[in-house]
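What follows is one structure encoded as structure tokens, with my remarks underneath.
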Amino acid sequence: MLTAEDKKLIQQIWGKLGGAEEEIGAEALTRMFYSYPPTKTYFPHFDLSSGSDQIRGHGKKVVAALSTAIKNIDNLSQALSELSNLHAYNLRVDPVNFKFLSQCLQVALATRLGKDYSPEVHSAVDKFMSAVASVLAEKYR
Ligand code: ZNH
């Protein structure tokens, strides 16, 4: 599904974030909470005002997991196996929400990267996030 070219583009674009990972993650989450308010119900224990320490901390974790996924892009199931267990068995996040977070991450990336977020990169990131989402959803029953 992800072509060699897609993989190259994703690695390149991730390399351009240069330390802004936590900020990107926090922005993606904040956008998700605004645009898809039901997603807030999974985080009753968080302070959800934009830029809160918890949003920043969680954004950092999510982006770190995506970085791990990018490093293991040919072996996503294995690389995300624990995270997949967590989402399927413990958190029980409805998989529709993965799409919402993906959308919001893409807007966060696009606003930061401007022209570098080309249609080709957009398409590659979209495919990558779908692949991550299917791994996170693969253990639901
Ligand atoms: Zn999730 C958690 C990732 C999606 C909800 N996550 C988490 C973590 C991580 C993640 C890394 C941490 C873990 C530990 O700590 O160990 N996610 C992720 C990713 C994605 C996601 C990569 C995609 C792409 N999630 C999601 C969604 C939701 C969620 C969509 C809803 C809406 N998560 C969650 C929760 C949690 C998590 C709730 C827990 C938090 C706390 O801290 O408590």
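Nothing in this text is a laboratory measurement; each read-out follows from the coordinates by a stated rule. Quick caveat, the model's predicted, so the values are computed rather than measured. All Cβ positions, even for glycine, are placed from backbone atoms using ideal geometry, and neighbour counts span all protein chains on display.
Given R₀ = 22 Å, FRET efficiency for Ser134-Ala110 by Cβ-Cβ distance, to 0.05?
0.45
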Quick one: Karplus J couplings for region 81-94, per residue in order, coefficients 6.51, -1.76, 1.60, θ = phi - 60°, nearest Hz, x for Gly and Pro? 4, 5, 5, 5, 4, 4, 6, 7, 9, 9, 7, 6, 6, 4
Along Cα→Cβ, 7 Å out, is where each label goes; now give me the distance between the ones at Gln78 and Lys99 in nm to one decimal. 3.1 nm
For Cα pairs less than 8 Å apart in space and 6+ apart in sequence, what is the mean separation divided by the residue count of the chain, i.e. the relative contact order in percent? 36 percent
With r as the distance between the Cβ atoms of Glu120 and Asn85 and R0 = 35 Å, compute the FRET efficiency 1/(1 + (r/R0)^6) and round to 0.05. 0.55
Arg141/Gln54 FRET efficiency (R0 22 Å; Cβ-Cβ; nearest 0.05): 0.15
Under Karplus coefficients 6.51, -1.76 and 1.60, residue-wise ³J(HN,Hα) of region 125-141 in Hz, glycine/proline x: 5, 4, 5, 4, 5, 5, 5, 4, 4, 5, 5, 5, 9, 6, 9, 5, 8
In sequence order, what are the phi-derived ³J(HN,Hα) couplings for region 32-40 according to the Karplus relation 6.51 cos²θ - 1.76 cosθ + 1.60 with θ = phi - 60°, rounded to whole Hz, with x for glycine and proline? 5, 5, 6, 7, 10, x, x, 5, 5
With only Lys, Arg, Asp and Glu charged, each at its Cβ (+1 for the first two, -1 for the last two), find how big the charge dipole of the chain is about the Cα centre; round to the nearest 20 debye. 140 debye
Estimated translational D of region 4-137 in µm²/s (Stokes, Kirkwood radius over Cα pairs; 20 °C; 1.002 mPa s): 142 µm²/s
